[in-house]
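Visitor: If you scroll down you'll find the structure; I have some questions about it.
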Amino acid sequence: MGIQPLDGDKDVVELHDGVVYLRWAPGAMVTAKDARAVMAKVRDLCSGRHRPMLVDMARMEGVEHRAGEIFAAPWPLTRTAIVGTSPVNRVIVSFYLARHSPVCPTRFFSSFADAMAWLGVAASHGHKPQTFLSVNDAMSDGTGDEALSTLDANAMLNALLRRLEEALAESQATANGMPTCGGGPKMQHPTDA
């Protein structure tokens, strides 16, 4: 089993029983630099063999646009299962899949067991790598049914809302005075109400 922690402790890439595991740290905002580092570690661990990959994105904040482009490039992977525990995770993955065309089949799952079944790998606790077993979070029992705390969900939604507002402001600035849709009032954060 190989474990490759990346700079800044944003994530861990691990090869266990022929499956590549990628765990993003809570609150991680994945940049292009992070994506390139993950790709290099995956290539190193795969040693020229194509393997399935399980990505744990529970509680991560988001993925920058350029990082998504890098993730959509060819990897030594047969398929990628992305596991998240919130509607925010599902939205991030749906947006990524709609905007980019990953080279290998990629799907979102809300449970570890369903993701492992889709990858064609046994999903018993004995087959999960140590980093997935040792973290006490929504993935701890393999069902993915535990909900994030309201505080975590609100923080993620607020971060996404801020990023959406920034993207809208940037698109309006680059439109050079051309009308854009969404010219209505500024969105209000739930904490501002």
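Visitor: Does residue 85 fit the bill of being surrounded by 14 or more Cβ atoms within 10 Å (Cβ to Cβ), of a type in the set (S, T, N, Q) and more than 12 Å from the chain's Cα centre (by Cα)?
Guide: no
Visitor: I'd like the residue in region 87-115 that is at pLDDT 85 or above, of a type in the set (Ser, Thr, Tyr) and not in a helix (DSSP H, G or I) and, out of all such residues, is farthest from residue 66 (Cα to Cα).
Guide: Filtering region 87-115 for residues that are at pLDDT 85 or above, of a type in the set (Ser, Thr, Tyr) and not in a helix (DSSP H, G or I), the one farthest from residue 66 (Cα to Cα) comes out as 111.
Visitor: Within region 1-37, how many residues are acidic (Asp, Glu), modelled with pLDDT of 85 or more and within 22 Å of residue 66 (Cβ to Cβ)?
Guide: 1
Visitor: Just the residues that are farther than 19 Å from residue 59 by Cα and either in contact with a Gly (Cβ under 6 Å, 6 or more places away or on another chain) or among the aromatic types (Phe, Trp, Tyr) (or both), please, taken from region 72-85.
Guide: 75
Visitor: Pairs needed: first member in region 22-49, in contact (Cβ under 8 Å) with a residue 60 or more places away in the chain; second member anywhere, surrounded by 15 or more Cβ atoms within 10 Å (Cβ to Cβ) and aliphatic (A, V, I, L, M); C-beta distance under 6 Å; at least 6 residues apart or different chains.
Guide: Short answer, once both residue conditions are applied: 23/12.
Visitor: Assess whether residue 109 counts as being touching a strand residue (DSSP E or B) at 6+ places or on another chain (Cβ under 6 Å) and not basic (Lys, Arg).
Guide: yes
Visitor: Filter region 42-99 for residues that are of a type in the set (Ser, Thr, Tyr), under 20 Å from residue 10 (Cβ atoms) and in contact with a Lys or Arg (Cβ under 9 Å, 6 or more places away or on another chain) and give the result.
Guide: The answer is 80, 85, 86.
Visitor: Something else: Quick one: what pairs do we get from region 56-72, first residue touching a residue at least 12 places away in the same chain (Cβ under 8 Å) and within 18 Å of residue 41 (Cα to Cα), second among the small types (Gly, Ala, Ser) and surrounded by fewer than 20 Cβ atoms within 10 Å (Cβ to Cβ), C-beta under 7 Å, 6+ apart or different chains?
Guide: Pairs that qualify, where the first residue is touching a residue at least 12 places away in the same chain (Cβ under 8 Å) and within 18 Å of residue 41 (Cα to Cα) and the partner is among the small types (Gly, Ala, Ser) and surrounded by fewer than 20 Cβ atoms within 10 Å (Cβ to Cβ), are 67/32; 70/32; 72/101.
Visitor: Here's another thing I want to ask about it. Kindly indicate whether any position in region 66-73 is part of a strand (DSSP E or B) and surrounded by fewer than 19 Cβ atoms within 10 Å (Cβ to Cβ).
Guide: Taking every residue of region 66-73 in turn, none turns out to be part of a strand (DSSP E or B) and surrounded by fewer than 19 Cβ atoms within 10 Å (Cβ to Cβ).
Visitor: For region 11-23, state whether one or more residues are at positive phi and either among the β-branched types (Val, Ile, Thr) or part of a loop (DSSP other than H, G, I, E, B) (or both).
Guide: Yes - at least one qualifying residue is present in region 11-23.
Visitor: Does region 117-134 contain any residue that is in contact with a Gly (Cβ under 7 Å, 6 or more places away or on another chain), of a type outside the set (Ser, Thr, Tyr), modelled with pLDDT of 55 or more and outside any loop (DSSP other than H, G, I, E, B)?
Guide: no
Visitor: Also, quick follow-up: In region 31-56, how many are of a type in the set (Lys, Arg), buried (at least 17 other Cβ atoms within 10 Å of the Cβ) and part of a helix (DSSP H, G or I)?
Guide: 1
The values are calculated or read from the model by the stated rules, or taken from the named source; none is laboratory data. Computed from a predicted structure; not experimentally measured. Backbone-built Cβ (ideal geometry, glycine too); neighbour counts: all protein chains shown.
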